[in-house]
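Structure, as structure tokens:
The values are calculated or read from the model by the stated rules, or taken from the named source; none is laboratory data. What you are looking at is a predicted structure, and each value in this text was computed from that prediction instead of being measured. Heads up, the Cβs are rebuilt from the backbone with ideal geometry, glycines too, and the neighbour counts pull from every protein chain shown. Keep in mind that these areas ignore ligands, DNA and RNA; they rest on the heavy atoms of the full protein, side chains included. Shrake-Rupley method; radii C 1.70, N 1.55, O 1.52, S 1.80 Å.
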Amino acid sequence: MTSSDDLQHRERMAALVEFTSTSLATEFPSPFGSSIYDLTSGRLVAQAYDTVIQYSDPTNHAEMNAIRLATTKLGRLSLQGHILYSTCEPCPMCMSACIWAEVNTVVFGASTLEDANHYWPQASDLSPTELVAHMCREPKCLILPHIERASCQELFRQCDETLQQRGLRLPPHR
């Protein structure tokens with residue numbers, strides 16, 4: 001990765017953290033955000049945060065919402081030629097969706113088990129790298145971990161603080 005690529009990833013992740021932090025002012029705060037950019041034009045195609053609790057739908061993770069928005073906007077199933085950013089390492093469902101959608105690259109900030117699990121207990125320990133290793137198509141999805149990790153960790157801390165201040169709780173099983 002070149003220094004200009006690294007800078008671009010950091011800038012986009014910082015923008016995603018800023019976008020995701022706006023959810024803290026909503027009725028359903030979430031530290032999970034995702035954005036999708038076109039690799040050729042650099043244009044932002046879609047951006048979303050987690051709406052699992054808002055809609056009582058366990059598939060409404062930020063990455064899934066961003067993928068749905070992007071494929072609908074583009075009018076096609078494939079996101080080949082696109083890069084997905086996530087404030088947190090994608091879970092197996094989200095990473096599988098990235099693979100199915102043919103996303104070229106996934107960039108994430110916080111670690112699922114090391115960071116997010118302290119605030120939002122996780123359902124699986126299967127990593128994106130393990131899923132990519134089993135891909136049947138080439139080229140395999142590139143994974144760039146821990147970009148702006150500290151900012152993403154802080155987002156989780158702020159969200160937890162917001163939930164506590166408002167007396168909001170995750171569902172009992174979470």
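At-a-glance table
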read-out	value
Potential lengthening between Ala123 and Glu18 on full extension [0.36 nm per residue; Cα-Cα distance subtracted]	35.1 nm
Accessible carbon and sulfur surface of segment 3-164 relative to its total accessible area, %, 1.4 Å	55
Gyration tensor verdict on segment 1-63 (Cα atoms; rounded if a/c is under 1.5, prolate if a/b is larger than b/c, oblate otherwise)	prolate
Cα gyration tensor shape for segment 3-164, rounded if a/c is under 1.5, else prolate or oblate	rounded
Equivalent ellipsoid dimensions for segment 71-146 as semi-axes, Å, which come from the Cα gyration tensor, largest first	22, 14, 11
Dipole magnitude of the chain, debye to nearest 20 (Cβ charges: Lys/Arg +1, Asp/Glu -1, about Cα centre)	420
For the chain, calculated [θ]222 nm from helices alone, where every DSSP H run of n ≥ 4 adds -39500 (n - 2.57)	-12000 deg cm²/dmol
Å² of accessible area per residue within the chain, as computed with a 1.4 Å probe and no ligands counted	51
At most 15 other Cβ within 10 Å, DSSP loop - trypsin sites (Lys or Arg not before Pro), segment 38-103	Arg43, Arg76
Axial C-alpha extent at least 24 Å, average Kyte-Doolittle at least -1.0 - helices from the chain (DSSP)	3-21
For segment 3-164, share of DSSP beta bridges that run antiparallel, in % to the nearest 5	55
